[in-house]
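Read through the structure below, which is laid out as structure tokens, and then see the notes.
The values are calculated or read from the model by the stated rules, or taken from the named source; none is laboratory data. Computed from a prediction, not measured in an experiment: that's the story for all the values here. No Cβ is skipped: glycine too gets one built from the backbone with ideal geometry, and neighbour counts run over all protein chains shown. Heads up: the accessible areas ignore ligands, DNA and RNA and are worked out on the full protein's heavy atoms, side chains in. Shrake-Rupley method; radii C 1.70, N 1.55, O 1.52, S 1.80 Å.
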Amino acid sequence: MHTAIIPIDPLHPDLEIIERAAALLRDGALVAFPTETVYGLGANALDDQAVASIYATKGRPSTNPLIAHISHLAMLRPLTGCDLADLPNAVQQLVRAYWPGPLTLVLPRAGNVPDILTAGAPTIAVRFPRHPIAQALIAALGSPVAAPSANRSGHVSPTTARHVWDDLEGRIPLILDGGACVVGIESTILDMTVDPPRLLRPGGLPVEQIEHVLGMPIAVRERHAMPATQAAPAPGMSITHYAPRVPLLVFEGHDMAQVGRRVIAEIRERSEAGQRVGALITRDLLAEATAAGAVATVDLGASADLEAAARHLFAGLRQLEDQEVDAIVTGSFVGAGLALALRDRLWRAAGGAITTLD
Ligand code: AMP
Ligand code: MG
């Protein structure tokens with residue numbers, strides 16, 4: 001299959017291009033498009049064959065349900081059988097505060113929703129993306145769009161059209177190129193069908209912002225605090241998600257200076273042993289990483305700028321694996337806010353192998 005990449009203005013998308021993409025979705029084909037979190041691989045969410053081809057194209061296990069994306073609150077009805085006003089107060093509050101945005105809500109599902117979309121679950125994950133291209137595409141289809149990240153299953157999520165091309169060229173007809181994603185990591189997923197609501201995946205919306213609106217604490221069980229043998233709390237939350245093709249070594253600890261010294265020491269030891277080492281590193285340590293022998297470095301931004309780190313994390317992992325390094329060395333993030341999601345993604349990318357220095 002020939003794959004076209006069409007550049008499109010992210011702020012004022014050309015409606016002729018959007019219509020061409022929507023026509024493909026209407027025909028049951030797949031279209032990759034940017035959202036504020038990562039690039040999505042879209043299909044008409046109510047067309048079970050189109051949804052099935054998402055799983056086939058990504059190589060995604062059919063037990064891992066998809067998120068349905070909407071561009072108007074009226075699209076809640078075909079997915080949940082309810083209007084917003086019929087849903088619980090907590091859902092209404094979160095929708096008013098954070099939609100459109102990087103928050104996915106798991107809600108009860110309507111009977112007509114294809115089983116394959118939710119992997120047979122009686123619930124459905126719904127998100128209203130903020131990105132103008134995503135909104136325009138869903139609106140042009142006039143129906144919800146199922147869209148997981150547009151990567152081969154198990155690989156690092158794509159934050160540029162080029163990343164999508166690298167994973168899916170020849171497998172899909174169209175990639176809309178709206179530039180790099182501004183958030184850079186996936187949405188926060190909150191299960192609203194249980195009381196209290198349960199965090200299924202930390203992501204682009206910090207959990208503290210959810211707690212602020214709901215006026216209650218949300219339990220955070222950090223995956224790397226769990227034994228590796230424990231069953232995943234949600235489908236698709238397996239450890240091997242998001243992995244780069246080369247080994248990733250992650251160091252973490254509450255003393256950032258100590259973590260930095262350990263990262264630099266690891267780069268030096270491996271370089272001296274003849275390895276090609278890549279460093280995924282905050283700006284304050286860039287020069288030291290190069291001096292220690294790193295053959296490739298990626299700047300994650302200023303060490304306190306978690307938004308910059310989120311924006312550059314996946315692109316950085318892809319950039320370093322493309323440079324054919326033998327190992328990637330990085331330090332994890334401490335504290336609250338986006339640090340929770342960053343730790344989660346690094347933990348998975350490292351296959352659960354994180355060295356804790358405390
Ligand atoms: P991805 O599309 O790769 O960003 O992953 C979407 C994730 O949403 C899945 O891996 C699930 O963990 C989660 N998800 C989707 N639908 C449901 C659902 N009905 N119940 C619980 N989790 C869900
Ligand atoms: Mg994904």
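The table that follows gives values for the structure above.
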item	result
Stretchable slack from Leu84 to Gln49, in nm (0.36 nm times residue separation minus alpha-carbon distance)	9.8 nm
Surface share of carbon and sulfur [accessible, 1.4 angstrom probe, percent] for the chain	53
Most to least accessible of Glu269, Glu321 (protein chains only, probe 1.4 Å)	Glu269, Glu321
Value of relative contact order over the chain, rounded to a whole percent, pairs C-alpha under 8 Å and six or more apart	20
Net lengthening on full extension, Glu269/Leu286 (0.36 nm per residue, minus Cα-Cα)	4.4 nm
Nonlocal amide H pairs with Ile67, under 5 Å, H built at 1.01 Å	Ala147
Separation between Cα centres of region 248-280 and region 338-355, rounded to whole Å	15
Spatial separation of Cα centroids for region 1-49 and region 106-174, in angstrom	10
The chain: antiparallel DSSP beta bridges as a percent of all, rounded to 5	40
Radius of gyration and maximum dimension Dmax of the chain, Cα, Å	20.2, 63
Accessible area per residue, Å², the chain with all protein chains present, probe 1.4 Å	40
Whole-percent pair-distance distribution, where bins are 5 Å wide, for the alpha carbons of region 34-189	2, 10, 20, 23, 22, 14, 6, 2, 0, 0
Mean projected area in nm² (Cα convex hull; one quarter of hull surface) for region 12-96	7.0
Estimated distance in nm for a label pair at Ala119 and Ile218, the labels positioned 7 Å out from Cα along Cα-to-Cβ	2.0
Net lengthening on full extension, Glu324/Ile5 (0.36 nm per residue, minus Cα-Cα)	112.3 nm
